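Since the structure comes first, as structure tokens, the remarks are kept for the end.
What follows draws every value from the coordinates through simple rules; no lab data is involved. Bear in mind the structure is a predicted one, so any value in this text is a computation, not a measurement. Don't worry about glycine lacking a Cβ; one is built from the backbone with ideal geometry, like all the others, and counts go over all protein chains shown.
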Amino acid sequence: MEEIGPVEYMIVSFPGNRFTGEIAPALAKLVESNTIRIIDLAFVSKDADGSVAAFELSDIDEEVRRGLDALGLEATGLLGEEDLMDAAADLEPGSSAAMLLWEDIWAGELAGALRGAGGELVAIGRIPHDVVMEAREALLSAANSTQEG
């Protein structure tokens with residue numbers, strides 16, 4: 001079986017069902033630079049009455065689909081109905097969500113070396129963007145205050 005790098009996922013909600021496909025060019029850059037490989041992409045929506053619908057790439061707006069098709073994406077089905085229903089449970093009525101599953105190609109060699117060295121992943125996480133920006137701002141403010149004083 002082919003070895004792959006770390007795999008991650010994200011769920012992005014679009015209040016008011018305003019998914020325009022503007023993310024496709026950013027994803028395309030990551031795919032073209034061999035930073036990531038998209039494994040699966042799926043969509044779910046929740047109507048104003050709370051009814052949930054899952055849909056595939058072929059079911060979305062043609063212009064959006066063309067942008068995503070340029071990624072060479074072939075839905076693998078790894079994101080199943082249960083995943084979609086879990087994502088939909090957190091959606092506000094009148095919203096939709098895109099679920100993306102990708103391989104971190106950039107980290108594959110490192111992950112293999114860590115495994116080869118007998119390393120075991122103990123923890124991994126993400127720091128929210130707003131937390132990082134607030135911390136950076138606080139550091140810059142403190143540095144400016146020190147320089148002025």
Review point. When the Karplus curve 6.51 cos²θ - 1.76 cosθ + 1.60 is applied with θ = phi - 60°, which whole-Hz ³J(HN,Hα) does each residue of region 13-24 get, with x for Gly and Pro?
Key: 8, 10, x, x, 6, 9, 8, 10, x, 5, 7, 4
Practice item. Obtain the nm distance between the two label points defined at Val52 and Glu92 by a simple spin-label model: each point lies 7 Å from its Cα along the Cα-to-C-beta direction. Key: 1.9
Study note, to complete from the structure: Diffing region 105-120: the Karplus 3J(HN,Hα) column from phi (6.51, -1.76, 1.60, θ = phi - 60°), in whole Hz with x for Gly and Pro, holds 4, 4, 9, x, 5, 4, 4, x, 5, 4, 5, x, 8, x, x, 10
Check your understanding: Of the residues Ile38, Ile124, Ile23, which exhibits the maximal mean-square fluctuation in a Gaussian network model of the chain defined by a 10 Å Cα contact cut-off?
Key -> Ile124
Exercise for review: Please identify, among Val131, Val44, Val12, the residue showing maximal mean-square fluctuation in a Gaussian network model of the chain using a 10 angstrom Cα cutoff.
Suggested key: Val131
Exercise for review: Name the most mobile residue of Gly16, Gly118, Gly77, meaning the one with the largest mean-square fluctuation, in a Gaussian network model of the chain with Cα contacts below 10 Å.
Suggested key: Gly118
Exercise for review: Report the longest stretch of the chain that contains none of the trypsin sites (Lys or Arg not before Pro) sitting in a DSSP loop with at most 15 other Cβ atoms within 10 Å.
Suggested key: 19-125
Point to revise | 15 Å beta-carbon shell around Gly108, net charge (K/R +1, D/E -1) | key: -4
**Study point:** Spin-label pair Ala111/Ala123, simplified geometry with 7 Å Cα→Cβ offset, distance in nm
**Key:** 2.1
Review point. The chain: longest stretch without exposed GluC sites (Glu not before Pro) (DSSP loop, at most 15 other Cβ within 10 Å), sites themselves excluded?
Key: 75-119
Review point. Hey, what did the chain get for relative contact order, percent, Cα under 8 Å, at least 6 apart?
Key: 37
Check your understanding: With charges set only on the Cβ (+1 for Lys and Arg, -1 for Asp and Glu), what does the dipole of the chain come to about its Cα centre, in debye to the nearest 20?
Key -> 460
